[in-house]
Amino acid sequence: MADDKRPAASRQPRRRKRRLRVVSVLRLALLLAVYGISMGAAATYLAVTTLNEELPQNLTQLLDYQPNRRSIVLSSDGEEVGTFSIENRKIIALERMPPHVPAAFLAAEDRRFYKHVGFDTIGILRAAYTNFRSDDEDDGKGGVKIKQGGSTITQQIIKQTLLAGEELMGDVDLTPEEAARERKKKKYRRKAKEMILAVRLERELNKSQILSIYLNHIYLGHGAYGVSAAANTYFGKEVEDLTVAEAAMLAGVVASPTAFAPHRNMPLAREKQLRVLKFMKIEKYLTDAEYDAALAEPISLVDESDLNHLASPFFVEHVRQVATKRYGNRQLFKGGLKFYSTLDTRMQTAAEGAVRKGLESLDRRLGVRGPIGSVAQAKRGAWTGGPAHPIAGLTNDTSALADQVLADQSYGAMVVELPRNKQTVLVDLGPKRLPLLEVDAKDIRAWRDEKTGEAIKLGDLLPVRLTDDGAAVKLAQRPVLQGAMIVMEPSTGRVLAMVGGYDWTSSQFNRATQAERQVGSSIKPFIYAAALEAGRTPVDRMTDGPYSVTTATGVWTPANYDNKYMGNVTLMTALASSLNTISVQLVVQVGLERLLEILRGFGISSPIPRHISVSLGTPDLTLLEMTAGYAGIASGGRRVTPRFFDLVTNASNGETIEDLRELPPGPQVISPEVAYVTQALMKGVVQRGTARYAQVVGRPAAGKTGTSANYRDVWFIGFTADLVAGVWIGRDDSTPIGDKITGGGVAVPIWVDFMQKAHPRTKVRDFSVPPNIGFARVDPWSGDPTGPRGDPKSSIWMPFVRGSMPSKLLTGPQIRSFDDLVPSPTLPAPPKCTSLSCL
């Protein structure tokens, strides 16, 4: 290359020009960058400003954010007996949570929570890198891969509250490709809004407020929203009692509540828990010792069958139905109402026990039905010494397992020994091998299959329950019958207990409120009340004999229960003995229309046929209607409306929604005097009639039994001065219960069982006497006068409405008060009838 011969002075300007060109290019690039950044900033500012105008201006509203809150039902003694909710959520203050609970969620979801301003650039980059690596790697386990998110806790709150549903598209007429592009566009727009709101939220609320909202809102699987609901759902405890290991398991669920819920997949939940514990240690939330202890701690989950358990389920479900009509589904399931119900838990337990015991006793009287299954020869060894098999469902399923045998639970028991004496059966429950009660063993040994004629054999499964002393077992076959019970305060209508069937888990049909069944003779007190109102008296005589009524369809001739007649009887004897022909005659005399007016007046709203056969109880009514009607008679002739809750408030602020405690009494249907004399006639049913067994309660009581045609339904509704209780027994398919099964023999013992266990411990007292009532001492069967000082064993004080007392009873001074003229009536002597055998 030739040497450059030009002088140095000429080469210098060229170098300077080249430097100037480089500088100019750099200046231009810098200016362009500045302009680009400025334009980008301006565009970003414009976009943020535009988006911000679409967003809420006051984010402090999140402090008052009210998520869907559950409504609560409390018993009269303050016990929570049921809830209604779309989301299982319980709001709890951050201060009540142990420090390791929020620490676990911070370690799992947002380790830089106290450092970022709403969104975390470092966290976003870390999540992107982790997700990039997870796409290229295979864990080799075939497990669930969850993409890591970069959203902070603040962003998660925004997404789940203020921007919930932001990406929903609805019905659009787009191709799949267009729909995908539109979804992506909505997602980016939502992300932008999310970041804007997150920054603003961090400025308007402090970190503790944000963390409190998050911990009460986050979904943690299995229907649980918030850490408090999750603690109860998974571990059966309050959030204050959560351990470090349990808190870490809950925090691990957030990434995928469906996949990591402990009830669904414990190994995956455990894997996530260990990861959270590791981060808690790294972030100095745990010491080495606390970390090691949490690793070693076993996790105990509550039995899934106990989740969403309802105490008194028939009662709670009826509260739901009543509340839905009054307040609507939205307020009930989202508004956080608190119902102060009328339920008395002690009475409810007694009612459930009485119905269950009565149905099982009646079922045994109807016969033993034999084994519920059998264990294959090859599996019998595993049964012995293994877990217990509780019985569940209508099919007597024994697939569930339990590690212990409880007193009140029924179990499948395998027959393992059948000694030659034919009076003993030895059964194996798994953990225990026990003898069957001798009386049950005899019945089982005598049982034969109706189709094959086979007897019981080794390996057969029997439904059993432990005896009280636990030394043996007794048969516990599921009754094929059903029953119901209602308990009320007669003066207020407050429903204190409700049983709608033998077992809620098998059937949620409420036979106390939904089953309309033929009422039989339990309708007769209303008929006698109509007759008394029309001028009849308890000692009026009528002829019990064949009686015919001409109807539009022909001649109808009713008969008594046993097809026998008593001849000339008083009305008090006719009701006590439940004579059908007298009831028909009374309805003919007072008129069917007046009887229907009285029934409707007492709140009975079910359809009633306009036929004279109503006099024998042919209407199909509910137990609730009938019990409320009897409460009307017991409370002086006024309508009594059943009430299931006294007070409804807003659970969050205590505001009263509705207060039913001071409602005025219902309208008068029959006069207090007629109601009192009707009560006296109904006392005769207990003292001398079809409900004599009820005397063992030891209190003045009145009531009436009922048995429908062909023994399909049996009833007893009775009351004291404090309580009215109704009992119904029958089959769901309305087939006959069995021959000669009556209300006095089946329903009355259930009523007695309840009253003996649950009647309030009030002073024993008779029914209150209204004004305008006179008394006369009469023979209970003939109605003839015996004088004021008649023998208490062979005469009774009978009340009369003023002006209606027959002249034969006016031979002496009419008794209007027991205070001065004669000694007060005493309670009946201890009854001789103490068992069903004398009925």
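The values are calculated or read from the model by the stated rules, or taken from the named source; none is laboratory data. Values in this document were obtained by computation on a predicted structure and should not be read as measured data. Every residue, glycine as well, gets a Cβ built from its backbone with ideal geometry; the counts of neighbours run over all protein chains shown. The area values use the complete protein model at the heavy-atom level, side chains included, leaving out ligands, DNA and RNA. Shrake-Rupley method; radii C 1.70, N 1.55, O 1.52, S 1.80 Å.
Brief remarks follow.
- Matching residues, segment 511-559, being of a type in the set (S, T, N, Q), part of a loop (DSSP other than H, G, I, E, B) and open to solvent by 10 Å² or more (accessible area, probe 1.4 Å): 513, 514, 548, 553, 557
- Those strands (runs of 3 or more DSSP E) of segment 612-726 in which at least 3 residues are open to solvent by 10 Å² or more (accessible area, probe 1.4 Å) and over 27 Å from residue 778 (Cβ atoms), considering only elements entirely within it, cover 645-650, 656-659.
- Candidates are the residues of segment 251-270 that are touching a helix residue (DSSP H, G or I) at 6+ places or on another chain (Cβ under 8 Å) and part of a helix (DSSP H, G or I); the one that is modelled with the lowest pLDDT is 259.
- Failed condition for residue 501, given (1) open to solvent by 10 Å² or more (accessible area, probe 1.4 Å); (2) in a loop (DSSP other than H, G, I, E, B); (3) closer than 30 Å to residue 414 by Cβ: (1)
- Yes/no for residue 506 being under 27 Å from residue 707 (Cβ atoms), among the polar types (S, T, N, Q) and at pLDDT below 95: yes
- Residue within segment 164-174 that is modelled with pLDDT of 65 or more and either in a helix (DSSP H, G or I) or of a type outside the set (Asp, Glu) (or both) present: yes
- Selection from segment 351-369 of residues that are of a type in the set (Gly, Ala, Ser) and open to solvent by less than 10 Å² (accessible area, probe 1.4 Å): 351, 354
- Residue in segment 514-549 that is nearest to residue 780 (Cα to Cα), counting only those that are of a type in the set (Val, Ile, Thr) and touching a strand residue (DSSP E or B) at 6+ places or on another chain (Cβ under 8 Å): 539
- Exactly one residue out of 378, 413 is open to solvent by less than 40 Å² (accessible area, probe 1.4 Å), farther than 30 Å from residue 717 by Cβ and not in a loop (DSSP other than H, G, I, E, B): that is 413.
- Selection within segment 231-250 - open to solvent by less than 20 Å² (accessible area, probe 1.4 Å), in contact (Cβ under 8 Å) with a residue 60 or more places away in the chain and either more than 18 Å from residue 217 (Cβ to Cβ) or touching a helix residue (DSSP H, G or I) at 6+ places or on another chain (Cβ under 9 Å) (or both): 234, 235, 239, 242, 247, 248, 250
- Within segment 423-446, tally of residues that are part of a loop (DSSP other than H, G, I, E, B), open to solvent by less than 40 Å² (accessible area, probe 1.4 Å) and of a type outside the set (Val, Ile, Thr): 2
- Boolean, residue 581 is assigned to a helix (DSSP H, G or I) and free of Cβ contacts under 8 Å to residues at least 40 places away in the same chain: yes
- Boolean, residue 406 is open to solvent by 60 Å² or more (accessible area, probe 1.4 Å), in contact (Cβ under 8 Å) with a residue 60 or more places away in the chain and out of contact with any helix residue (DSSP H, G or I) (no Cβ under 6 Å at 6 or more places or on another chain): yes
- Out of 333, 315, sole residue that is modelled with pLDDT of 90 or more, closer than 30 Å to residue 241 by Cβ and among the aromatic types (Phe, Trp, Tyr): 315
- Pair list, Cβ under 7 Å, 6 or more apart: segment 207-221 residue farther than 19 Å from residue 114 by Cβ and in contact (Cβ under 8 Å) with a residue 40 or more places away in the chain, other residue small (Gly, Ala, Ser) and not in a helix (DSSP H, G or I): 216/226; 217/226; 221/261
- The residue of segment 311-344 that is nearest to the chain's Cα centre (by Cα), among those that are open to solvent by 30 Å² or more (accessible area, probe 1.4 Å) and polar (S, T, N, Q), is 321.
- Some residue of segment 279-292 being open to solvent by less than 40 Å² (accessible area, probe 1.4 Å), aliphatic (A, V, I, L, M) and farther than 30 Å from residue 659 by Cβ: yes
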